[in-house]
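First the structure, in the form of structure tokens, and then the observations on it.
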Amino acid sequence: MIHTDFLIIGSGIAGMTLAVKLAEYFPTKKVILVTKAGESNTRFAQGGVAAVLDQIQDSYQKHIEDTLRAGDGLCDLDVVKHVVEQGPVRIKELLDWGTQFDRGPEQQLLLSREGGHTALRIVHHKDSTGKEIERVLRLRVQNLANIQVLEDCYAFDLKLTATIKPTKQTITGAHILDQNTREATFIYAQTTTLATGGIGQLYTHTTNPSIATGDGIAMALRANAKLKSMEFIQFHPTVFYEKNAGTSFLISEAVRGYGAYLKNSKGHRFVLDYDPRGELASRDIVSRAIYLELSHSKEKCVYLDCTHLKKEEFKNHFPNIYQTCLNRGVDISKNWIPVIPAVHYLCGGIVVDAYGKSTIGNLFACGECSYTGLHGANRLASNSLLEALVYAHSIFEYHKRSFSKEIVFDSIDPPAIKSYTVVEESNQIKEKLDELQTLMSENAGIVRSTEQLIQARVKLKTLSKALQTSIPKTFINTGLCEYRNMLAVAQMIIEHSIARKENVGGYYNSQL
Ligand SMILES: Cc1cc2nc3c(=O)[nH]c(=O)nc-3n(C[C@H](O)[C@H](O)[C@H](O)COP(=O)(O)OP(=O)(O)OC[C@H]3O[C@@H](n4cnc5c(N)ncnc54)[C@H](O)[C@@H]3O)c2cc1C
């Protein structure tokens, strides 16, 4: 068994930023960063980070208003103000740590604009901003001796204990499965932070990589933490269409901002039939327009036409997109890019306060798995990397002020690690997962209906029951635990959707 002061589960922007801050401030304390095999959402982020860096053309007030407009009345105003006002200082920190954001001839930071923003305010590194931020954070993590990174280690449950004075339910650590040795262990921690990212893998088509299985959210749910706004799932309108399900390659909104047209197979710019802003309408409107277009045409995808744009300039702006399309047989100067909408971002999650504290003792959450109140009913583009940076800092500030070794590990019953049996991965679970993804895509997608949601509720109950009766809870492996977690998260998405009685932000029920 392992002991640590700080346990952080997840090594995307949220987890690594927090780890670096804690390790630098508390050089004698131990930070353990656990990360399962696979890539983070952070690595995939293309567009950039929103922050008010031009105080003449832009202002905090404008960024606040844009965020509130996207959130459609459901944002928490204090949170929005706090996050927006922290933007410049968090960007400066990333620059101080060595992040190479794109600069102009006078070395000024180049700012771009994305859908919903009324000013140029997105700092970026070409079209692979997340990869650059991750590079810098990873280097910093590697250089801090008091951070221990447990790679390829899967956190499969939290331990909830009532041992603290004054007595309260408190998280005292997490159960971990080493994905290489297939051994389970337990990490005792004075504090635990979930930074496990999103839930895209619950759906057939998603921009999220394979790690996005909602593990942190499901673990928090089992520990009785409060969740909120799970019905608000943002779909990105344009991912590269491929027949097979899985992680889809994102064609950034910036490409439409740059002048690309969305067309149906007949060459008609159909989005103009739905909204006068056409390709630059908000993500939910463009996604819904594509959904309706495809429902009528019965075709598999629509197209992004970039053939009228200057090839060399496009290549310079979007080198990653240009090359990936080319690798898939699409030369953007000659061919249209086949695209469909896909699940992109979860606006809801584990409820946290201004310091990233969940509703359960000693459990913090940060990044995409958390619900802070920033996004309301829809996320403004490029606000999520900013949110992760700001809340990693808030959790750090909390520990800076009040960290104490509250938990006496010896007083806790040893967790029953031995009673877990690590079993072989099975194809049966993969088939079940396909079934779950199809169910969620068909019944809880861009356009939902109460009827479909109720059908999904019944089906999910059946799937859960079947799993419980066929495989004991103490049997574990990564695929099995992820499937259990995805079933639990799917149930929350369905229940929160059924409870939502108005169409707002990114949520649309055709029967309301
Ligand atoms: C294609 C794409 C483009 C995007 N572009 C932008 C953009 O331009 N601007 C913007 O603001 N946002 C963007 N986003 C959203 C943004 O990237 C994410 O919201 C953000 O990176 C989430 O960071 P995170 O640290 O919370 O989670 P992640 O970066 O997803 O990291 C999660 C970590 O948790 C680990 N993990 C998960 N479960 C477990 C477990 N059970 N045990 C151990 N480890 C676990 C994973 O291995 C991973 O290390 C984009 C997202 C995608 C997918």
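The values are calculated or read from the model by the stated rules, or taken from the named source; none is laboratory data. Owing to the predicted nature of the structure, the values given are computational and were not obtained by experimental measurement. Every residue, glycine among them, receives a Cβ derived from its backbone with ideal geometry; neighbour counts consider all protein chains shown. Just so you know, the surface numbers come from the protein's heavy atoms only, side chains and all, with ligands and any DNA or RNA stripped out. Shrake-Rupley method; radii C 1.70, N 1.55, O 1.52, S 1.80 Å.
Quick check: at a probe of 1.4 Å, how many percent of the accessible area of the stretch 421-499 sits on carbon and sulfur atoms? Of the solvent-accessible surface of the stretch 421-499, carbon and sulfur hold 55 percent.
Normalising the average separation of contacting C-alpha pairs (under 8 angstrom, six or more residues apart) by the number of residues puts the relative contact order of the chain at 21 percent. Take the Cβ atoms of residue 100 and residue 185, set R0 to 51 Å, and the FRET efficiency comes out at 0.85. Accessible surface calculations at 1.4 Å, restricted to protein heavy atoms, place the chain at 41 Å² per residue.
Under the simplified labelling scheme, the residue 152-residue 459 pair shows an inter-label distance of 3.6 nm, with each label point 7 Å from Cα along Cα→Cβ.
Counting Lys and Arg as +1 and Asp and Glu as -1, what is the net charge of the other residues whose Cβ lies under 14 Å from the Cβ of residue 371? Could you put the intermediate results ahead of the total?
Working: positive: 226, 228, 357, 379; negative: 76, 231, 353, 368, 387.
Charge balance near residue 371 sits at -1.
Computed from Cα atoms, the angle from the helix 427-443 axis to the main principal axis of the chain rounds to 50 degrees. Round to the nearest 10 and give me the degree value, 0 to 90, for the angle of helix 383-402's Cα axis relative to the longest principal axis of the chain. Here the helix axis deviates by roughly 20 degrees.
If you add up the charges near residue 395, with Lys and Arg at +1 and Asp and Glu at -1, over every other residue whose beta carbon is less than 10 angstrom from its beta carbon, what do you get? Walk me through the numbers before you get to the answer.
Working: positive: 21, 357, 400; negative: 397.
That works out to +2.
Using the Cβ-Cβ distance between residue 2 and residue 226 with R0 = 22 Å, the FRET efficiency computed as 1/(1 + (r/R0)^6) comes to roughly 0.15.
In this entry, the chain is assigned a mean projected area of 23.7 nm², taken as a quarter of its C-alpha convex hull surface. The relative contact order of the stretch 237-342, computed from alpha carbon pairs under 8 Å that lie at least 6 residues apart in sequence, is 34 percent. Counting 0.36 nm for each residue step from residue 143 to residue 280 and taking away their Cα separation leaves a gain of 45.0 nm. Between residue 418 and residue 110, the modelled labels are 6.1 nm apart [label points 7 Å from Cα along Cα→Cβ]. Between 0 and 90 degrees, the angle of helix 129-142 with respect to the longest Cα principal axis of the chain falls at about 20 degrees.
Go through 92/400; 36/418; 263/298; 243/311; 300/334 and tell me which ones have a Cα-Cα distance over 23 Å in this structure. From the list (92/400; 36/418; 263/298; 243/311; 300/334), the Cα-Cα distance tops 23 Å for 243/311. In this simple spin-label approximation, residue 37 and residue 81 carry label points 7 Å from Cα along the Cα→Cβ vector, and these lie 4.9 nm apart.
Please sort by residue number the trypsin sites (Lys or Arg not before Pro) in the stretch 433-476 whose DSSP state is loop and whose Cβ has at most 14 other Cβ atoms within 10 Å.
Numbers: sites: 448, 457, 459, 461, 465, 473; in loops: 473.
Those that pass, being in a loop and sparsely packed, are 473.
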